[in-house]
Amino acid sequence: MYLIAGLGNPTREYDKTRHNAGFCVIDVLADKYRIDVSEKKHKGLCGKGVIEGQKVILVKPQTYMNLSGECLREVADYYKIDPEDIIVIYDDISLDPGQLRIRLKGSAGGHNGIKNIIAQLGTQEFPRVKVGVGAKPPRMDLADYVLSRFSAEDQKIMDEAYREAADAVGVMMTDGAERAMNHYNAKKKTEE
């Protein structure tokens, strides 16, 4: 079984903000594979289903971003899921809007949600899908930036990126993360 977690903040005020890119990808996966992600347990909203022949549990932690790891650890412990079968999807300000980057492991890179997941799981070795949300403008507070919404033009780019990130998760489970990395990490470079 795979645990696929999209990071974000609960409540309507954070809906469709940059920081909620992970939630948006989970919504695409839930819609595409008809998985109801509304069961409240393990400090998150959870839904069980099948993606590309693999059993999955989709999770949207409800702990707020900085404590995301608490929810993931509870789900992983309950279902006995190893870190290499946990795919975490989240926003990345070091990537252009809509750009994807898949990694098998790594540091938190300044992302507090990932920092908490690493602390809770006790490892940096879990696959992740980073969704670019663009760099913070000069003199703007980082928290204000990641909690802001996209322009109408960027929202179209992001909606496409959420669909691509969902597709990338399917590829990671069926063909492996290396193949997904080769395809999706290189995509933006070839388009430029």
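Rolling a 1.4 Å probe over the protein chains gives Ser151 an accessible area of about 60 Å². Counted over the chain, the DSSP beta bridges are approximately 55% antiparallel.
The eigenvalues of the Cα gyration tensor, multiplied by 5 and square-rooted, give region 17-63 an equivalent ellipsoid with semi-axes of 18, 14, 8 Å from largest to smallest. With 0.36 nm allotted per residue and the present C-alpha distance subtracted, the Lys41-Tyr78 stretch has 12.2 nm of extension available. Computed over region 86-146, the convex hull of the alpha-carbon atoms projects to a mean area of 4.1 nm².
Here's the picture: a label point sits 7 Å out from the Cα of Asn185 along the beta-carbon direction, and within region 94-113 the residues with their amide nitrogen under 14 Å of it are 100-107.
Estimated from helices alone, the mean residue ellipticity of the chain at 222 nm is -11000 deg cm²/dmol (sum of -39500 (n - 2.57) over DSSP H runs with n ≥ 4, per residue).
The count of lysine pairs in region 37-97 that are at least 8 places apart or cross chains, and whose C-alpha atoms lie under 15 Å apart, stands at 7. Extending 7 Å from the Cα toward the beta-carbon at both Lys115 and Asp96 defines two label points whose distance is 2.9 nm.
Taking a ≥ b ≥ c as the square roots of the eigenvalues of the Cα gyration tensor, region 1-86 is oblate, since a/c reaches 1.5 or more and a/b is not larger than b/c. Checking every one of the GluC sites (Glu not before Pro) in region 120-164 against DSSP loop status and a limit of 15 other Cβ atoms within 10 Å picks out Glu125.
How big is Rg to Rh over region 37-110, alpha-carbon atoms, Rh as the Kirkwood inverse-mean-distance radius?
Rg/Rh for region 37-110 comes to 0.97.
Taking a ≥ b ≥ c as the square roots of the eigenvalues of the Cα gyration tensor, region 108-192 is oblate, since a/c reaches 1.5 or more and a/b is not larger than b/c.
This model, with +1 at the C-beta of Lys and Arg and -1 at the C-beta of Asp and Glu, gives the chain a dipole about its Cα centre of some 240 debye. Largest first, the extents of the alpha carbon coordinates of the chain on the three principal axes equal 43, 33, 31 Å.
The values are calculated or read from the model by the stated rules, or taken from the named source; none is laboratory data. Since we're looking at a predicted model, the values are computed, not measured. Glycine gets a Cβ as well: all are built from the backbone with ideal geometry, and neighbour counts include every protein chain shown. Note: areas computed on protein heavy atoms with side chains; ligands, DNA, RNA excluded. Shrake-Rupley method; radii C 1.70, N 1.55, O 1.52, S 1.80 Å.
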